[in-house]
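Heads up, the thing below is written out as structure tokens.
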């Protein structure tokens, strides 16, 4: 699970995805404890109960992003969605703006989810409409 500063930044700014968060046991989230010039103190946590989290920013896992795509984008598809998702994700990888070789699978799936559902791509600082 990616908990890097880059992924936290992407996830925090993906406000459309943040609104979809259904707090579940096993979810990862982070809390900014303090902001000081040129730095911030952050803690990454995992949910152990179903109590709502306040001021937490969700770090969606790869499987959660795939579920979002299945539920929203492929809702009307009658074929095997898993193979269709894999094929389209693979095609997307050749054209995405996120060219960092250190990009995690969570970063790649978040990028594709935002592109597929909202027409946005990550430009390195924020989500931009295509």
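The values are calculated or read from the model by the stated rules, or taken from the named source; none is laboratory data. Bear in mind that the values here come from a model prediction, so they are computed numbers and not experimental data. When we count neighbours, we look across all protein chains shown, and the Cβ atoms used for this are built from the backbone with ideal geometry, even at glycine.
Let me confirm something: among 103, 39, which residue is closer than 17 Å to residue 3 by Cα and modelled with pLDDT under 75?
Numbers: 103 fails: modelled with pLDDT under 75.
From the options 103, 39, the qualifying one is 39.
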Legend entry - Top-ranked residue of the range 54-81 - restricted to ones that are more than 18 Å from residue 117 (Cβ to Cβ) and exposed (fewer than 15 other Cβ atoms within 10 Å of the Cβ), ranked as modelled with the highest pLDDT: 55
Legend entry - Selection within the range 113-130 - part of a helix (DSSP H, G or I) and in contact (Cβ under 8 Å) with a residue 40 or more places away in the chain: 113, 114, 116, 117, 118
Inset, instruction - Would you check which residues across the range 17-30 are modelled with pLDDT of 90 or more and surrounded by 14 or more Cβ atoms within 10 Å (Cβ to Cβ) and list them? - result: 17, 18, 20, 21, 27, 28, 29, 30
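Do we find that residue 12 is in contact with a strand residue (DSSP E or B) (Cβ under 6 Å, 6 or more places away or on another chain), without any contact (Cβ under 8 Å) to a residue 12 or more places away in the chain and within 24 Å of residue 125 (Cα to Cα) in this structure?
Numbers: in contact with a strand residue (DSSP E or B) (Cβ under 6 Å, 6 or more places away or on another chain): yes; without any contact (Cβ under 8 Å) to a residue 12 or more places away in the chain: no; within 24 Å of residue 125 (Cα to Cα): yes.
So residue 12 does not fit the description; no.
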Legend entry - Unmet requirement for residue 84, which otherwise passes all of (1) in contact with a strand residue (DSSP E or B) (Cβ under 8 Å, 6 or more places away or on another chain); (2) surrounded by 10 or more Cβ atoms within 10 Å (Cβ to Cβ); (3) modelled with pLDDT under 80: (1)
Legend entry - Filter result for residue 89 (modelled with pLDDT under 80, in contact with a helix residue (DSSP H, G or I) (Cβ under 8 Å, 6 or more places away or on another chain) and assigned to a helix (DSSP H, G or I)): yes
